[in-house]
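Each remark here refers to the structure printed beneath this line.
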Amino acid sequence: MISALQWVRRGAAQARPDKYDLDEKEFKRINDFAAQHLADAKEELAAAQKAEQVANGMAVETISEANPELSEYNLDDYDEDQPKAQESNIFSNLKGLTYYTSNREDPYITLRDEEDEDQEDLMIQATDNLLLAAKTEDDISHLEVYLFDESEENDGNMYVHHDIMLPAFPLCLEWLDFRVGRKGAVEGPGNYVAIGTFDPEIEIWDLDTIDNMYPDAVLGAQDKTKKKKGAKKSKKANNEYHTDAVMALAWNKQHRNILASASADTTVKLWDLTTQQCAHSFNHHTDKVQALAWNPIESTALVTGSYDKTVVVFDSRAPDARATWKLQADVECLRWDPHDANCFYVSTDDGMVQYFDGRTGGAQPVFRLHAHDKAVSAMDINTTVRGCIVTGSTDGSVKVWDVNENRPSMVTSRQVKADIGQVFSVTFCPDAPFNLAMAGSGGKVNIWDIATNAGVRRAFEGRSVIVASSKAEKEKVIAMPNDDEPESEEEMDGADIDMDDIAESDYEEEESGEDV
């Protein structure tokens, strides 16, 4: 399955990605990083062994209790007594090895490989987009980095450029250009992705380096090597780091060193990427925090949504002065309106999309839209065409809506359950705003050019030059097949419902707003 998607705008990626360089400094960094994970793995193994003994009715004894004659050697604390000089780790045998970044540099390799061709394949043109997909297959999670070339000669080409192995099931992705880690001192913007998983740590990876072994930064990491023996993990929320899964991330594009995170531990945290420490922690929710987003104009305003069925808007500088809206269902997605920064959209697991004015805390929505019969698990707002929004659902459908003048009507719908499955993510491309990436439980990525749909062109004609100039006779969908499926040259055949000729829906006027 694919749980999250994230576009990388054109020109943000380095034209020639760097090869991972395991120098002395990097060796020490990953050595320390691995030692922490090894300590945690040992602790989990010991806990599992003890639990198995208890389950089997076996008495849990220490070495001294089982063998009294060995008590004088204090074997129970053997690991504690070892001097640091004798500590070892999984990289202890690698330090004396000579590492060559290229086979051309190795004097013992005389047969040259097709390295030049590989470098050509890795080239990223100024017209290429990257699309990031958080994917899990057979309990193995990784980040797939797709290269999407929409040039006319390629008629839309997409392939996996490189991938990154992840330690746990990924839940959310957020792109950022603030440099951290090994390239922190390099001038100019970078190309990074922050990843939230079922683990409480947030990993930040450099997308301009391939064959990376470890992330460039880890936010909220605890030093497990200094943890007392036998101490249990606490899931109690605190002000320094998350203690449960990271469910949403939001990078502040104006204050570029700030990253916000939402967690199942009920807290929202702001991270300073310069120090890689938690700068502020907010606990205004009482259940898992599912979504959050920074306001595009008021750079310190944040909206958060939770499974406690509330949405909260507050200024991160004065969090006590906040506005709260009570909903009827759990929050799935949140989006500020890019065309009116005072308002925001909320989708919920009962199939509703609601539009609120952020200046009127607690007030009824401006409009309500019953978008799907099941949870609206994905939603995005078109930043170019006013009133164009898209929703995806666990019912296996993706719908395009026209909400101009706060009177929503469906423009077109596409059934993708046979190909994508339950829809978990939909997102518009920032450089080609009618290219819609879709993914879900089927583990495949599709890119649908919604401007090739006649109903979309008629509905938004006059609001976008792109729509007006599109004359495609057939809808264009670029599909990325699974590894075990043959690649097809045919475009995906979907069940389309063109709502252009259907009369506008009747409305029930309410004192507080409108229901569709």
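Which pairs in the list 253/309; 399/476; 42/288; 269/309; 25/135 are over 25 Å apart, alpha-carbon to alpha-carbon? If you can, show how the numbers build up before the last one.
On the way: 253/309 28 Å; 399/476 16 Å; 42/288 29 Å; 269/309 19 Å; 25/135 31 Å.
Beyond 25 Å: 253/309; 42/288; 25/135.
Which trypsin sites (Lys or Arg not before Pro) does the range 403-471 hold that lie in a coil by DSSP with at most 12 other beta carbons within 10 Å? Intermediate values should be presented prior to the final figure.
Numbers: sites: 414, 417, 444, 457, 458, 463, 471; in loops: 417, 444, 463, 471.
Filter output for the range 403-471: 471.
Taking only C-alpha pairs under 8 Å that are 6+ residues apart, what is the relative contact order of the range 354-439 in percent?
22 percent.
What accessible area per residue comes out for the range 266-315, rounded to a whole number of Å², with a 1.4 Å probe?
For the range 266-315, the per-residue accessible area is 36 Å².
Report the residues of the range 350-391 in range of a label on residue 328: point 7 Å along Cα→C-beta, backbone N strictly under 17 Å from it.
Within reach of a label on residue 328: 350-356, 363-376.
Under a point spin-label approximation (7 Å from Cα along Cα-to-Cβ), what is the residue 24-residue 50 distance to one decimal in nm?
The answer from the label model is 4.2 nm.
Using the basic label-point model (7 angstrom from Cα toward the beta carbon), what is the residue 211 to residue 157 distance in nanometres?
Roughly 2.4 nm, to one decimal.
Hey, got the Cα dimensions of the range 124-175 along the principal axes, in Å, largest first?
38, 22, 14
Taking a cut-off of 20 Å, what percent of all Cα-Cα pairs in the range 305-429 are separated by more than that? Please list the in-between numbers first.
Working: 3211 of 7750 pairs.
Everything past 20 Å amounts to 41 percent.
Given a 1.4 Å probe, how much area per residue of the range 358-449 is accessible, in Å²?
Numbers: 2730 Å² over 92 residues.
Dividing the accessible area of the range 358-449 by its residue count gives 30 Å².
Give me the extension gain from residue 454 to residue 383: residue separation times 0.36 nm, minus the current Cα-Cα distance, reported in nm with one decimal.
Numbers: separation 71, 0.36 × 71 = 25.56 nm, distance 2.05 nm.
Stretched fully, the residue 454-residue 383 segment lengthens by 23.5 nm.
Let's test the formula: R0 of 25 Å, r as the Cβ-Cβ distance of residue 253 and residue 126. What FRET efficiency results, to the nearest 0.05?
Working: r = 21 Å, r/R0 = 0.85.
Taking R0 as 25 Å, the efficiency between residue 253 and residue 126 is 0.75.
Residue separation times 0.36 nm, minus the C-alpha to C-alpha distance between residue 373 and residue 198: what's the value?
On the way: separation 175, 0.36 × 175 = 63.00 nm, distance 2.80 nm.
Result for the pair: 60.2 nm of gain on full extension.
What length, rounded to one decimal in nm, is gained on full extension from residue 15 through to residue 142, with 0.36 nm per residue of separation minus their alpha-carbon distance? Please list the in-between numbers first.
Numbers: separation 127, 0.36 × 127 = 45.72 nm, distance 2.30 nm.
Fully extending the segment from residue 15 to residue 142 adds 43.4 nm.
The values are calculated or read from the model by the stated rules, or taken from the named source; none is laboratory data. For clarity, every value in this text was computed on a predicted model and none was experimentally measured. Every residue, glycine as well, gets a Cβ built from its backbone with ideal geometry; the counts of neighbours run over all protein chains shown. Side chains are part of the model used for accessible areas, which takes the heavy atoms of the whole protein and leaves out ligands, DNA and RNA. Shrake-Rupley method; radii C 1.70, N 1.55, O 1.52, S 1.80 Å.
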